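The values are calculated or read from the model by the stated rules, or taken from the named source; none is laboratory data. No experiment lies behind these values; they were computed from the predicted model shown. Glycine also receives a Cβ, built like all others from the backbone with ideal geometry; neighbour counts cover every protein chain displayed. Remember, those area values only see protein heavy atoms, side chains included, never the ligands or the DNA or RNA. Shrake-Rupley method; radii C 1.70, N 1.55, O 1.52, S 1.80 Å.
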Amino acid sequence: MKIVVDQVKCQNHGLCAISAPANFALDTDGKLQYHESFNEENIDDIEDAVDSCPLQAITLSRDAA
Amino acid sequence: MARQPTTSYLDITGEHFRMNSEEVRKARTTHWYARTEWGIAVLTYEDSSFLLKHPQLTQGSAKWPAQHGVVGGRFDTWWQKTLLVLEGDEHNRIRRLVNPAFSARQIEPMHDRFRSLADELIDDWIDHGQTEFASGFAAPYATRILCMMLGIAEHDWKKIHELAATIGLGLGVTIKQNIASIDDAVVELTRYARSLVQSRRESPRNDVLSTLVATRDADAGKLSDEELVNLVILLIFAGIDTTRNQLALSIESFSKQPDQWEKLAADPDRYATKAVEEALRVNPIGRWISREAAETFQHRERTIEKGSTVHLFTLISATDPAEFGNPDRIDLEVERSPHFAFGGGIHHCLGHFVARADIGVALSAMATRITDLRIGEGAEWLPDSGNTGAVTLPITFAQRH
């Protein structure tokens with residue numbers, strides 16, 4: 001599974017970075033940076049990040065290698 | 001040396017300030033910001049979008065009571081510890097714990113109950129062809145939904161509503177003259193919140209409050225008693241007053257555009273979401289969002305000094321012709337850029353999924369049941385502020401058959 005962020009929808013609010021700081025962060029310009037792949041032990045945090053995105057711009061894709 | 005731009009001065013301190021005025025629109029055509037008594041006001045969409053999430057700007061509302069000479073009382077003490085004004089690790093820790101309780105997934109199953117409540121309230125006055133919308137719908141609807149979510153007995157709604165409305169005055173420009181009753185309301189709600197938390201700890205139910213109490217008990221980074229009580233007060237205050245006011249503003253906006261009201265009525269499943277977004281865009285309760293500079297930084301030609309306040313003018317940025325076509329009109333067919341009625345950055349409104357859902361259900365219920373919606377004589381509005389809305393909103397209409 002990998003994390004997919006819809007860059008058109010994303011408004012860089014940063015709530016995902018609060019929920020799952022191991023996978024999402026805002027850089028010094030306030031732009032979202034994230035890792036597509038993640039450690040399975042962080043799945044709860046990542047699901048919280050998906051839920052908490054105000055734009056609902058984050059999805060988890062099962063197609064990833 | 002670069003020529004200094006001409007910026008307007010807007011007096012936002014008075015009861016007569018109207019964001020939706022020619023004066024403010026004219027200021028927007030002149031420059032990206034205007035000067036005010038409390039720091040600059042950002043007027044354009046592009047600059048609002050950028051500055052709303054700027055890493056050097058923190059939530060600026062901590063200073064709000066002090067700006068009005070209100071320091072150290074019950075309201076101010078509570079206010080300084082609310083999620084709304086907390087910053088840094090303390091904010092992030094609480095926000096992380098409470099976010100899941102307010103997800104779209106949690107709210108979705110409640111839609112049917114929202115609709116039943118809306119219909120029940122409309123039934124009370126639909127045969128009369130007129131009602132006072134603020135007390136006949138907006139207040140009981142917003143309050144009883146909050147009661148539903150927290151698991152408070154809905155028959156207590158009037159008391160809860162009164163307390164929430166009183167605390168809501170704390171965000172108005174008249175805070176100083178109302179502070180004694182605002183302080184009393186905080187004391188009373190604190191007592192109420194304590195008893196609620198205690199009762200859910202003893203016997204959990206299937207409500208948001210029980211989820212929050214369980215979060216406290218199960219998580220290593222648990223919420224303290226004090227944090228839970230502060231949060232419950234915030235939810236009661238922010239969850240009721242905002243929705244109540246936004247409902248009235250939404251009805252006012254739609255009354256001016258019967259074509260769009262009819263469109264919503266014809267296919268609410270398709271248009272309800274857009275109806276909410278458009279109403280929030282053109283007529284938001286929060287006329288401005290406050291931010292404070294954590295460090296001095298440069299934006300365009302303007303140096304924004306550390307400690308200074310930046311107001312982001314929501315209505316005026318969300319009707320900026322540089323970003324939106326035909327910006328002042330509600331248009332349910334057009335894809336619009338996101339507005340900032342729910343604020344932004346990490347302080348983005350916690351309850352926005354709830355608000356979007358319950359306002360959408362309310363507008364759908366109203367539109368499918370009444371037509372020829374008009375604002376009657378004697379509407380009274382709160383001054384423009386961080387939380388404006390209707391004191392009274394008489395409406396007339398015809399029943400839809």
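Figures for the structure shown
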quantity	calculated
Residues with amide H under 5 Å from that of B:T392, placed H, sequence gap 5 or more	B:E380
Cα-based Rg and Dmax for the stretch B:177-231, where Dmax is the largest Cα-Cα distance (Å)	13.1, 43
Size of the stretch B:122-272 as Cα extents on the principal axes (Å, biggest first)	53, 40, 27
Helix-only [θ]222 nm of chain B, DSSP H runs n ≥ 4, -39500 (n - 2.57) each, per residue, nearest 500	-15000 deg cm²/dmol
Pairwise centroid distance, computed over Cα atoms, of the stretch B:203-270 with the stretch B:65-141, Å	4
Cleavage-rule hits (chymotrypsin sites (Phe, Trp or Tyr not before Pro)) in the stretch B:1-60: DSSP loop, at most 10 neighbouring Cβ within 10 angstrom	none
Global form of the stretch B:213-337, assessed from the alpha-carbon gyration tensor, a/c cut-off 1.5	oblate
Residue pairs, from the table B:K81/B:K274; B:K176/B:K274; B:K176/B:K306; B:K81/B:K176; B:K81/B:K158; B:K222/B:K306, whose Cα atoms sit over 29 Å apart	B:K81/B:K274; B:K176/B:K274; B:K222/B:K306
Length released on extending from B:H128 to B:S195, taking residue separation times 0.36 nm less the Cα-Cα span	20.1 nm
Descending principal axes extents, the stretch B:319-401, alpha-carbon based, whole Å	42, 31, 27
Pairwise centroid distance, computed over Cα atoms, of the stretch B:359-377 with the stretch A:14-65, Å	39
For B:G286, distant residues with modelled amide H under 5 Å away	B:T388
Charge dipole (debye, nearest 20) of chain B; +1 at Cβ of Lys and Arg, -1 at Cβ of Asp and Glu	780
Surface per residue (accessible, 1.4 Å probe) for the stretch B:47-175, Å²	40
Fully extended contour minus Cα-Cα distance, from B:A66 to B:Q298, at 0.36 nm per residue	80.9 nm
Estimated FRET transfer efficiency when R0 is 22 angstrom, pair A:D44-A:V4 (beta carbons, to 0.05)	0.75
B:T6 versus B:Q106: modelled label distance in nm, points set 7 Å from Cα along the beta carbon direction	5.1
Counted charge near B:Q67, where neighbours are those whose Cβ lies closer than 15 Å (Asp, Glu -1; Lys, Arg +1)	-1
D_trans [Stokes-Einstein, Kirkwood Rh over alpha-carbon pairs] for the stretch B:104-171, 4 °C, 1.567 mPa s, µm² s⁻¹	99
Around B:L52: net Lys/Arg minus Asp/Glu count, Cβ-Cβ under 12 Å	0
Prolate/oblate/rounded label for the stretch A:12-62 (Cα gyration tensor, a/c 1.5)	prolate
As computed over the stretch B:24-159, the Cα convex hull volume per residue (Å³)	211
For B:S8, residues with placed amide H under 5 Å, excluding near neighbours	B:R35
For chain B: relative contact order, % (alpha-carbon pairs under 8 angstrom, 6 or more apart)	25
12 Å beta-carbon shell around B:C349, net charge (K/R +1, D/E -1)	+2
Interface B:A - total buried accessible surface [probe 1.4 Å, Å², rounded to 100]	1500
Shape category assigned to chain B from the gyration tensor of Cα positions, a/c cut at 1.5	oblate
Share of carbon and sulfur in the accessible heavy-atom surface of the protein assembly as shown [1.4 Å probe, %]	48
